[in-house]
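Quick notes on the structure that follows.
The values are calculated or read from the model by the stated rules, or taken from the named source; none is laboratory data. A quick note: this is a predicted structure, and the numbers were derived from the prediction, not measured. Neighbour counts run over all protein chains shown; Cβ positions are idealised from the backbone, glycine included. The accessibility values were calculated without ligands, DNA or RNA, using every heavy atom of the protein model including side chains. Shrake-Rupley method; radii C 1.70, N 1.55, O 1.52, S 1.80 Å.
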Amino acid sequence: MLLIRLLSLASSALAYQKLSDDWLKNVTSGGDDFDVHNGALLAPLLITRVPGTPGQTKVQQHFVNYFSTQLPSWTVEWQNSTDKTPKTGDRDIPFQNLIIRREPPWTRTRPGQANYLTFAAHYDSKLEPKGFIGATDSAAPCAMLMHLARSIDRRLTERYDKLNSNGEPGGTMSSDMGVQILLLDGEEAFDRWTATDSVYGSRSLSQEWENTFNPAMSSYKTPLDQISIFVLLDLLGSANPSIPSYFRTTHWAYKNMATIESRMRGLGLLESDSEGPFLPDGEIDAKELGTTYIGDDHEPFMHKGVPILHMIPAPFPMVWHTMDDDGDHLHMPTVRDWSKIVTAFAMEWLDLMELEPSSGQGRRI
Ligand SMILES: *[C@@H]1O[C@H](CO)[C@@H](O)[C@H](O)[C@H]1NC(C)=O
Ligand SMILES: *[C@@H]1O[C@H](CO)[C@@H](O)[C@H](O)[C@H]1NC(C)=O
Ligand SMILES: [Zn+2]
């Protein structure tokens, strides 16, 4: 029994398969839904959304409404906390994270069995400068994740149905793959960035998950252990971004994302006429990586041992934390290209092509 389980884990690890050119060509960018004035996904996010203000509630409703009406197979859960900030005195400020999941039907009744490809972006905006919109920070990344979800939804259903009808619903890492999107609150400092005035939402969520124990016979001890990788998108949407590979332990995943970018560029699938690759470190060996380090929502998770892929440009966009970080300053071809690259990464990770007849249906699992 033990041996069988080990073997199946090994074979699932070996099965990573790149998307075919045809699959890459079919990845959509979200198009008009990213229009900053009336696009269904992005426009409603381009308002001030400081925790504890009506904007926070409005964008929350936008997320909940989108998933409940358009993607009913995804579950939406809250993780709420309150905290005081250096700018708001004795008031308890609400920080409310959304956890949006899609997982195999058989793991939904078995807490601790699914592993989640995890994407995160923060939806709050900064208190100052007054009226700050934060289009790259991180309205556009949130919209990209909304688009990602709908882009993989049908294929995930097909995958889970197929596994189910093969009579092997679950029990291996590969068959128990799900995806979760964390829309995090309170990333921004209210005053100056410090350990206690920043990442309010992710500190609270990571702590709660560290202290939540799954049933004894689960595959994973805590919800933190269920995160196969934590992909954090931040400050995306300005032209000519360059994102280094920040962590040796996840450099292999960065390389997969970089390969997707270069293949898409080679196939003429990307719109932006970028000065260089978005992901320049794809050919670099892990031991040659730099040591740049950027504080962000991943930190509380990273310090608890979660593997991180940090998708944030260095240097930051010129508009960073200024009034110019608004819809009109987004570089839409770059926004749409990111949307495609990240969506393709999810499709590849979740092995959605595996069940395609032409690619060897039923080969494994
Ligand atoms: C690509 O999309 C077209 C149109 O929706 C579809 O007919 C075709 O099967 C898709 N190909 C792949 C490889 O997904
Ligand atoms: C968390 O906050 C949201 C938004 O205010 C609310 O709708 C939800 O009921 C709260 N959930 C819990 C578990 O308190
Ligand atoms: Zn910011």
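Values as computed for the structure displayed
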quantity: Test: residue in the range 227-236 that is modelled with pLDDT of 95 or more, in contact with a Gly (Cβ under 7 Å, 6 or more places away or on another chain) and either surrounded by 19 or more Cβ atoms within 10 Å (Cβ to Cβ) or part of a loop (DSSP other than H, G, I, E, B) (or both); calculated: no
quantity: Matching residues in the range 85-108 - criterion: being within 23 Å of Tyr123 (Cα to Cα), buried (at least 19 other Cβ atoms within 10 Å of the Cβ) and among the hydroxyl-bearing types (Ser, Thr, Tyr); calculated: Thr85
quantity: Members of the range 286-303 that are part of a loop (DSSP other than H, G, I, E, B) and open to solvent by 10 Å² or more (accessible area, probe 1.4 Å); calculated: Leu289, Gly290, Thr291, Thr292, Tyr293, Ile294, Gly295, His303
quantity: Any hit, the range 119-136, residues being more than 16 Å from ligand 2 (Cβ to nearest atom), touching a Pro at 6+ places or on another chain (Cβ under 7 Å) and modelled with pLDDT of 95 or more; calculated: yes
quantity: Where a residue in the range 172-192 is at pLDDT below 95 and its partner, wherever it lies, is surrounded by fewer than 22 Cβ atoms within 10 Å (Cβ to Cβ) and of a type in the set (Asp, Glu), with Cβ under 9 Å and at least six apart; calculated: Ser174/Asp351; Ser174/Glu354; Ser175/Glu168
quantity: Tabulated pairs, the range 51-78, first within 16 Å of ligand 3 (Cβ to nearest atom), second open to solvent by less than 30 Å² (accessible area, probe 1.4 Å) and in a strand (DSSP E or B), C-beta under 8 angstrom, 6+ apart or interchain; calculated: Pro51/Ile93; Pro51/Phe95
quantity: Only listed residue being in contact (Cβ under 8 Å) with a residue 40 or more places away in the chain, open to solvent by less than 30 Å² (accessible area, probe 1.4 Å), of a type in the set (Val, Ile, Thr) and part of a helix (DSSP H, G or I), chosen from Val342, Val319, Val306; calculated: Val342
quantity: Residue in the range 104-111 that is under 23 Å from Arg49 (Cβ atoms) and either touching a Ser or Thr at 6+ places or on another chain (Cβ under 7 Å) or within 16 Å of ligand 3 (Cβ to nearest atom) (or both) present; calculated: no
quantity: Residue count, the range 109-139 (criterion: assigned to a loop (DSSP other than H, G, I, E, B) and open to solvent by less than 40 Å² (accessible area, probe 1.4 Å)); calculated: 11
quantity: Test set (1) more than 13 Å from ligand 2 (Cβ to nearest atom); (2) not in a helix (DSSP H, G or I) - Glu77 fails condition number; calculated: (1)
quantity: Identity of the residue in the range 20-57, in a loop (DSSP other than H, G, I, E, B), under 15 Å from Met332 (Cβ atoms) and open to solvent by less than 10 Å² (accessible area, probe 1.4 Å), that ends up farthest from ligand 2 (Cβ to nearest atom); calculated: Gly39
quantity: Phe278 vs. criteria open to solvent by less than 10 Å² (accessible area, probe 1.4 Å) and part of a helix (DSSP H, G or I); calculated: no
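Residues checked against (1) of a type in the set (Asp, Glu); (2) within 16 Å of ligand 1 (Cβ to nearest atom); (3) modelled with pLDDT of 95 or more:
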residue	(1), (2), (3)
Ser11	no, no, no
Leu14	no, no, no
Leu24	no, yes, yes
Gly31	no, yes, no
Pro54	no, no, yes
His62	no, no, yes
Lys84	no, no, yes
Gly89	no, no, yes
